[in-house]
Amino acid sequence: MNFEKLLNHITEINGRVVAVAAADDEEVIEAVKEAVLRKLAMFILFGNKEKIDKLLRLKGIKNDNIQVIHTQTKEEAAELAVKSVHNDEATILMKGMVSSATLLKAVLNKEYGLRTNRVLSHVAIFEIPGFSKSMIVTDAAMNIHPNLEKKQQIIENAVDMAKSIGVNNPKVAVLAAIENVNPAMEVTLDAASLTLMNKRGQIKDCIIDGPLALDNAVSTIAAKQKGIDSEVAGNADILLVPTIEAGNILYKSLIYFAKAKVGSVIAGAKAPIVLTSRSDSAECKLYSLALAICSSK
């Protein structure tokens, strides 16, 4: 499913309310405008009310489905936005012009935060020119050097996201530098363990194979040349990266070199979290919002 189809699909999903922390930003309001025009969701905008109202007027947004709540600081905006989701007044949390650290501090608050018993992980979906299907990359922003247990939960979060956009039983490639198990390379041992856990039913609703190098995961020609025979090789839906550095480099390479479109969310919390960079375009924020709406309950 490409992003345009996704945007058309979620018009059928009603009743979603998005709480935006520090919404006094032009790119955020542009994304809100597009979402309002497409009738995707209702919004509660937290931040400097004077600036937000000015931006709404500037963008020509007049809609009864937008509520603006004034806050004195970005920290207060983050706190109130998280509390609105915690209290079921909103179904999705979205980052505005506030640092990720500030927003996540509120998300992880023991009294009013959004933590569950699952690992929080970053799930990004790319629409890549020249590729026939979208690609999911995880985790490029949250978990620095996940162990085997965390990798299992990162996969499960990504599988849930894949299912929410219509990719059932997704194929998961556990990435490494090589496609053979090498005791000197811990990531290959984890990959083999995850593959076995999947075959034994410990990780469900997907097909896992690894270790796989990136070329073998996405190219049937490369997989054939290496003599790799698997359901996943050359046809992966989800790429599990070994570390945050690998994920970050792959993420930005797809954007800057391949000119891919991207949307991303933080999964594993009580509600989806749109945690795009403050420098991301309105288009990226809109796509991320679309993913969050699809995966919300």
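The values are calculated or read from the model by the stated rules, or taken from the named source; none is laboratory data. Fair warning: this is a prediction, and the values are worked out from it, not measured in the lab. Cβ atoms come from the backbone with ideal geometry, glycine included; neighbour counts cover every protein chain shown. Side chains are part of the model used for accessible areas, which takes the heavy atoms of the whole protein and leaves out ligands, DNA and RNA. Shrake-Rupley method; radii C 1.70, N 1.55, O 1.52, S 1.80 Å.
Taken one residue at a time, the phi angles of the range 251-260 give Karplus couplings (6.51, -1.76, 1.60, θ = phi - 60°) of 4, 6, 5, 5, 6, 8, 8, 8, 6, 6 Hz. Gly and Pro are set to x. If the segment from K224 to A258 were pulled out straight at 0.36 nm per residue, it would be longer than the present Cα-Cα gap by 9.9 nm. For the range 83-93, 3J(HN,Hα) computed residue by residue from phi via the Karplus equation (6.51, -1.76, 1.60; θ = phi - 60°) reads 4, 5, 6, 4, 8, 6, 7, 9, 10, 9, 9 Hz, glycine and proline entered as x. The lysine pair tally for the range 137-228, using Cα distances under 23 Å and a gap of 8 or more places or different chains, is 17.
For trypsin sites (Lys or Arg not before Pro), the sites in the range 75-114 that DSSP calls loop and that have at most 12 other Cβ atoms within 10 Å are K110.
Computed from phi, the 3J(HN,Hα) profile of the range 203-214 under the Karplus parametrisation 6.51, -1.76, 1.60 (θ = phi - 60°) reads 10, 9, 6, 7, 10, 10, 9, x, x, 9, 6, 4 Hz, with x in place of Gly and Pro. Against the criterion of solvent-accessible heavy-atom surface with a 1.4 angstrom probe, K252, K259 sort, most first, into K259, K252. Annotation for the range 201-297: GluC sites (Glu not before Pro) lying in DSSP loop with at most 12 further Cβ atoms inside 10 Å of their Cβ are E231. Under 5 Å from the amide H of Q67 lie the amide H atoms of F43, I44, L45, each residue being 5 or more positions distant or on a separate chain, with H modelled from the backbone and absent for Pro and chain starts.
Percent of accessible area on the range 1-131 owned by carbon and sulfur, 1.4 Å probe?
Accessible surface attributable to carbon and sulfur in the range 1-131 totals 46 percent.
Classify the range 1-132 as rounded, prolate or oblate from the Cα gyration tensor: take a ≥ b ≥ c as the square roots of its eigenvalues, call it rounded if a/c is under 1.5, otherwise prolate when a/b beats b/c and oblate if not. Cα axes put the range 1-132 in the oblate bin.
Given a 1.4 Å probe and every protein chain left where it sits, what share in percent of the accessible area of the range 144-297 is carbon and sulfur? The computed percentage sits at 52. Rolling a 1.4 angstrom probe over the protein heavy atoms with all chains in place gives the chain an accessible area of 47 Å² per residue.
For the range 151-172, the residues whose backbone nitrogen is under 14 Å from a point 7 Å from the Cα of K133, taken along Cα to Cβ, are 159, 162-172.
Rounded to the nearest 10 degrees, the angle from helix 148-164 to the longest Cα principal axis of the chain is 60 degrees. Helix 49-58: angle to the longest alpha-carbon principal axis of the chain, degrees 0 to 90, nearest 10? For 49-58 against the chain, the angle is about 80 degrees.
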